[in-house]
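Take a look at the structure below.
The values are calculated or read from the model by the stated rules, or taken from the named source; none is laboratory data. This is a predicted model, so every value here is computed, not measured. In this analysis, Cβ positions are derived from the backbone assuming ideal geometry, glycine residues included, and neighbour counts consider all displayed protein chains.
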Amino acid sequence: MNFLGVNSREEIKKLQEKGLKRIIDHVYNNNTSYRNKFDRLGIKPSDINGLTDIEKLPFTTKEDLRNNYPLGMSCVPKEKIMRIHMSSGTTGSPVLQPYTRSDIDQWSTTMARCLYVAGVRENDVMQITPSFGLFNGGFGFHYGAERIGCMIVPAGPGNTKRQIKFIEDFGTTSLGSVASYAIRIMEVAEEEGKEFPNLKRGVFGAETLSDGLRKKIEESLGIESYDIYGMTETGGVGCGIDCNCHDGIHIWEDHYILEVIDPKTGEALSEGEEGEIVLTSFTREALPVIRFRTGDIASIIEDKCDCGMPHRRISRIKGRVDDLLIIKGVNVYPSEIEHLLCNTPGIGNNYQIFVKEENGFHDLMIQVEGNISAVEIKKRIKENFLFTPEVEVLPNGRIPRNEGKAVRIIKNKEV
Ligand SMILES: [Zn+2]
């Protein structure tokens, strides 16, 4: 089976041009919410004749999906829906994603490609630790691995000692996980003095992985790690992954149209310019998103990747549009501070960043584990970001661990 799909940029361009036209017809004719939005701007499907016409189209936001909960943005009759997944926000209605049979097939195709690029083959054993439930992670990995035909261990989250036993008992070669849970597995394995000679790779999603953290996990577990991208709104995990050049995430452009915009003005930016990632899922059926504002800040990498795949790459996600902090007049994303912490020798496996907001300005208090002085950390942060936060150093193991996604940025809570 050809897991890689297309071979050239010309092929991608043709698919995108045809796909955009088809998907605009589909959403306009089958969903009132989309149609009203287009009508208000005076846009008809017949106005979309080429790829550059995408800029005429309105954006879709997380709010649009929330406001239309549960199925207000679905473009198919309910009887065609086979599955739903959703992500619960901290406030308001959840974001729901319905899937038709064709959507499950699209998801299997894109996830299988991600796993294939990470080196997963038929003779591998894939242990899946994200949950099998409303969160899309577990099922996404499952469909991809099933399409490849490898042996699946659908462990789900939690019970880390049992996960380690499974890795040993089944000779797990490939671990699917959210990044912070891989750290947990690493810590417990270290405590128990376990080594995993069969384990070759980890495919980590839902959280961005800094180079420092990636290196630490790779060395400790003896694996190569891959960063997988995707979210509930775009149809789940699997929009792209980094290849073994590990220099940016390839987005599967035969399924998603990739744009970067200025988050303030909404204007399209050129390759290489940093802005908000916008995706159009033009091969989805139940709920294709048109120009979905992901909130992720990154840029499109201009050069072709050494791996030879024609799909363009985005740079490391620098942060989220709504995460931007203003500290003593300096604009900074929490992930930039995380990146620095992860690359500072002496800092352990865990940290928390407490953010206090007052009138649009922020203050930081950082807690880390490890063998390093607070003064040293303050000095490093001052050198890089020109402000000095409060810092507290705790012994290893003192910061609470989660079995799912780690909670590292905590807003407006008294410490
Ligand atoms: Zn590549």
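Numerical summary
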quantity: Residue that is nearest to the ligand (Cβ to nearest atom) [pool: residues in the range 110-125 that are surrounded by 21 or more Cβ atoms within 10 Å (Cβ to Cβ) and assigned to a helix (DSSP H, G or I)]; calculated: Val117
quantity: Any hit, the range 322-338, residues being touching an Asp or Glu at 6+ places or on another chain (Cβ under 6 Å), outside the structural domain of Ser8 (by TED's automatic domain parsing) and surrounded by 15 or more Cβ atoms within 10 Å (Cβ to Cβ); calculated: yes
quantity: Qualifying residue in the range 254-265 (condition: crowded, with 24+ Cβ neighbours inside 10 Å and in a loop (DSSP other than H, G, I, E, B)); calculated: yes
quantity: Strands (runs of 3 or more DSSP E) within the range 149-213 that include 2 or more residues in contact with a helix residue (DSSP H, G or I) (Cβ under 9 Å, 6 or more places away or on another chain) and closer than 21 Å to Tyr229 by Cα; calculated: 174-178, 201-205
quantity: Conditions (1) within 16 Å of the ligand (Cβ to nearest atom); (2) part of a strand (DSSP E or B); (3) within 22 Å of Thr52 (Cβ to Cβ); number of the one not met by Tyr226; calculated: (3)
quantity: Selection within the range 268-285 - out of contact with any Gly (no Cβ under 9 Å at 6 or more places or on another chain) and in a loop (DSSP other than H, G, I, E, B); calculated: Ser270, Glu271, Gly272, Glu273, Glu274, Glu285
quantity: Residue in the range 355-375 that is farther than 22 Å from Val95 by Cβ, within 21 Å of the chain's Cα centre (by Cα) and either of a type in the set (A, V, I, L, M) or away from the ligand (no atom under 16 Å from the Cβ) (or both) present; calculated: no
quantity: Filtered residue count, the range 90-109, keeping only those that are part of a loop (DSSP other than H, G, I, E, B) and under 19 Å from Val178 (Cβ atoms); calculated: 2
quantity: Per-region count, the range 366-415, residues basic (Lys, Arg) and at pLDDT 90 or above; calculated: 4
quantity: Looking only at the range 199-234, and only at residues there that are among the acidic types (Asp, Glu) and under 20 Å from Gly140 (Cα atoms), the one that is surrounded by the fewest Cβ atoms within 10 Å (Cβ to Cβ); calculated: Glu207
quantity: Close pairs from the range 55-67: first in the same structural domain as Val260 (by TED's automatic domain parsing), partner assigned to a loop (DSSP other than H, G, I, E, B) and polar (S, T, N, Q), Cβ under 7 Å, at least 6 apart; calculated: Arg66/Ser93
quantity: Tally of residues being within 16 Å of the ligand (Cβ to nearest atom) and farther than 21 Å from Tyr99 by Cα across the range 247-270; calculated: 5
quantity: Residue match in the range 303-311 (condition: away from the ligand (no atom under 16 Å from the Cβ) and among the hydrophobic types (A, V, I, L, M, F, W, C)); calculated: no
